[in-house]
Each structure stands twice: as structure tokens, then as C-alpha cells.
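The values are calculated or read from the model by the stated rules, or taken from the named source; none is laboratory data. Since the model is a prediction, treat every value here as computed from it, not as a measurement. Positions of Cβ are backbone-derived with ideal geometry, glycine not excepted, and every protein chain shown enters the neighbour counts. Remember, those area values only see protein heavy atoms, side chains included, never the ligands or the DNA or RNA. Shrake-Rupley method; radii C 1.70, N 1.55, O 1.52, S 1.80 Å.
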Amino acid sequence: MHIQNFRHAIFAVAALALLPCGAASAQETFKIGASLGLTGYGSLTDGHWRDGLEVAIAAVNAEGGVLGHKLELLYEDNKSTPQQAVVVYRKMMSEDNVKAFDSGCISAGNFAAASFVSQAKLPMFLCSILPRLPDEQKWAFSFLPPPKFEVDVRYDYLKTKTQVRKIGLLADPSPYSLLMKGLAEKEAADYGLTVVANETYQQDDADFSVQIGRINAAGGGAIIMIGQGNAVVTAANNIKHLGLNNMLLFGSINEKDIDSAAGEVLGAQFLFPAPMIQVAEHKLEMIINPTSRAAAQAFVAPFITKHPDTDASMASRAWDSIMMMVAAIKKAGSTDGTALRDAFETLGHYDGAGASYDFSVDQHVGITKNPYVIASVIDDKMTIRK
């Protein structure tokens with residue numbers, strides 16, 4: 001009896017050994033890590049980035065995954081700080097064995113981890129700007145429109161649609177904001193604008209009246225706010241309470257809830273750059289490019305079903321990042337990090353739900369054409385300003 005059982009066991013082991021390697025690994029998931037600022041100043045944007053990742057991964061898995069692998073998202077809260085980002089990146093690498101990262105918008109956190117992530121040859125798909133060093137940039141791909149576009153669309157509106165020629169800058173100290181602030185200072189003259197005041201704030205400041213007062217005293221007719229989050233609502237309230245009825249406030253890219261709150265205070269005095277899907281979420285026929293419109297339709301239907309009240313703009317680019325990652329895995333025929341990175345660089349032009357992308361070997365910032373329009377919240381609706 002024991003001999004018979006032993007023989008059966010030997011036959012079973014031998015049969016397993018004869019299976020193709022792919023059959024044994026087919027049940028393994030492709031683990032994607034995400035460092036996200038789910039608490040702290042980045043909680044709204046990074047929470048929506050996570051929402052987009054989850055909906056995209058569910059859609060991919062519903063179609064069977066990729067190369068026999070289901071996708072699995074593992075995310076950690078970096079508390080919107082670079083110190084905690086280092087901790088969670090290392091944890092996901094050492095304990096969770098992730099194969100790629102698709103992380104949120106906290107630039108400082110992604111910068112802090114980029115050196116050891118790139119050394120491990122793990123691709124980083126990012127909501128934020130790219131890390132600084134060339135060796136780190138080789139492994140990072142940014143789905144964030146370049147800061148220049150956010151500056152340009154506001155300056156162009158001021159030049160062509162208003163009589164305002166003197167402006168003040170109001171910026172937070174994040175890496176993204178500092179980069180944009182430098183661009184805003186440099187490019188103002190190209191649009192016939194003069195920066196008459198250059199002010200800063202912290203994300204947790206409760207009042208900006210002093211900074212806004214200095215901008216007004218210097219003759220500024222518009223404030224260019226540089227930085228995401230609820231601070232723009234504080235600035236809007238300060239302008240209202242100071243009685244500055246002709247002062248224009250130009251916000252940065254934000255979630256629709258924040259834009260709506262600031263718009264409720266200032267109405268048409270508050271303007272902001274918006275990606276087309278943020279304005280056209282419920283009227284997709286506004287998207288002219290048929291390929292982009294089809295991509296938006298594929299995203300919006302499952303996203304609104306799960307998150308009916310959530311801003312789709314940030315989540316749409318998270319969706320695009322997953323869909324392009326899957327396309328690159330298919331093209332490479334492999335989930336290996338180096339193969340994935342190399343294939344991603346050769347995907348060519350891609351019209352996604354949130355934007356169009358043109359990644360290449362030399363271009364790791366995918367959005368190369370300005371995707372923004374200037375909008376306001378009027379009668380509780382996002383409206384493109386003409």
C-alpha cells in the first residue's frame with residue numbers, strides 16, 4: 001500500500017515537472033506598487049489616482065489579464081512626505097516584490113525613491129514630474145502635463161482675453177511648484193506681462209490676506225496661484241473678504257470639488273486650467289478626436305459606475321498609465337522590468353482617455369501638446385472660457 005502511494009507521488013511530481021514553465025507561473029499576479037499621498041496635502045489627487053488605477057486593473061483582469069497574469073495593485077500611504085515615501089517604496093520592493101510602480105503626484109516622494117528604484121531596474125510610471133538625474137529618468141515615465149503648459153494657458157488667456165498686464169505669483173514650496181514658479185517668472189515677459197510681486201505660502205496656512213494685499217498694493221490685477229490643494233479656496237475667500245472685486249485668481253490644476261468650492265466664492269473671477277475630460281466628462285461629444293473619445297468612453301463608463309461623484313481628470317491618466325503598461329507588456333512578450341521599459345519607449349503615439357502621449361527613448365514626459373483649456377465654475381457647472 002505504501003509502495004503504491006509512493007509510486008503515485010513520484011508520477012505526480014514527474015507530471016508537474018513536464019508542464020511548461022508558463023503553466024506554473026500563469027497563476028502568479030503581476031504586482032504593481034503605488035506610493036500615494038492618501039493623507040496630507042496630496043490626499044485628494046492621489047486618492048483619485050488610486051481610483052483610476054483600480055478601475056483600470058479591474059478592466060484588464062476582466063479580460064483575462066496580460067500574458068496569463070492578472071494584475072495586482074499594492075499601494076501604501078506616503079503621508080504626502082518624501083521621508084515616508086522612501087519607507088513605503090522600500091517595503092513594496094522588499095516585502096511585496098512588486099515588478100513596477102505606478103505612483104501618485106507627490107514629486108518629492110518619487111524623487112527620494114528614484115535612485116534605489118532605478119538601481120533595481122523597476123519601471124516607474126508617475127503622476128508627478130520626472131526625477132532629476134538622467135540615470136533615474138531612464139526608468140521613469142511621467143503622465144503629468146509639463147508645468148510649462150499650465151503656465152502658458154493662463155498667460156495666453158491673460159494676454160488675449162483681458163487687459164491685465166501686471167500679475168502676482170503665489171506659490172507653495174513643493175518641487176513641482178518651484179519648477180512652475182521659475183517658468184512663470186521667466187515666461188511672463190513673452191506674453192507682455194510683468195510679475196510685480198512674488199509671494200509664497202505653506203499648504204497648511206489658514207490665511208493669505210497679507211500676501212494677497214501685497215500683490216494688490218503692487219498693482220497686480222491677477223494672481224497666478226502655483227500649487228494644488230485646498231489652499232486655492234482659502235485664497236478665494238481672502239480675495240472676497242478683502243473686497244477685491246476686480247482681482248482675477250488663476251488656480252492650478254485641481255480636483256473639481258476644489259475648483260467648485262473656489263468658484264462658489266469668486267464666480268467668474270476664478271479661472272483655472274482644465275484637461276478636456278474634466279469639462280467634458282458628461283458630454284464626451286465635446287472631445288473631437290474619435291480615438292480619444294473612444295478611449296474616454298471606455299474609461300468613463302466603469303469609472304462613473306464606481307465613483308459617480310469623483311473627478312475623472314486625474315483618474316483618467318492613471319487609467320491610461322495602466323493601459324499603456326499592458327500594451328508594453330504585450331509588445332515585449334515579457335513582464336521583465338527592462339523589457340517592459342524598452343517596449344514602453346517604442347509604443348509610439350497613444351490617444352488615451354485623459355490625454356494623448358508620445359513617449360520615446362528620448363522623451364519620458366508623454367504629454368507633448370498642451371491639453372488644457374481655461375475654465376470657470378458658473379452656475380455650478382464647469383464652463384470653458386472663450
Please tell me if THR310 is closer than 20 Å to SER103 by Cβ and either touching a Lys or Arg at 6+ places or on another chain (Cβ under 7 Å) or among the β-branched types (Val, Ile, Thr) (or both). yes
Hey, among the residues in the range 69-119 that are open to solvent by 50 Å² or more (accessible area, probe 1.4 Å), not in a helix (DSSP H, G or I) and not charged (D, E, K, R), which one's farthest from LEU340 (Cα to Cα)? TYR75
Could you please let me know if SER376 is part of a loop (DSSP other than H, G, I, E, B) and either modelled with pLDDT of 95 or more or open to solvent by less than 30 Å² (accessible area, probe 1.4 Å) (or both)? no
Going through VAL233, VAL196 one at a time, which residue ends up being in contact (Cβ under 8 Å) with a residue 12 or more places away in the chain and either open to solvent by 30 Å² or more (accessible area, probe 1.4 Å) or not aliphatic (A, V, I, L, M) (or both)? VAL196
For GLN83, work out the one condition from (1) modelled with pLDDT under 95; (2) more than 29 Å from ALA353 (Cα to Cα); (3) out of contact with any Gly (no Cβ under 7 Å at 6 or more places or on another chain) it doesn't fulfil. (1)
Against the condition in contact with a helix residue (DSSP H, G or I) (Cβ under 7 Å, 6 or more places away or on another chain) and modelled with pLDDT of 95 or more, how does PHE101 come out, does it pass? yes
Positions within the range 208-230 being assigned to a helix (DSSP H, G or I), among the hydrophobic types (A, V, I, L, M, F, W, C) and either open to solvent by less than 10 Å² (accessible area, probe 1.4 Å) or in contact with a helix residue (DSSP H, G or I) (Cβ under 8 Å, 6 or more places away or on another chain) (or both), in sequence order: ILE212, ILE215
Filtering the range 144-180 for residues that are crowded, with 19+ Cβ neighbours inside 10 Å and of a type in the set (Val, Ile, Thr) leaves a count of 3
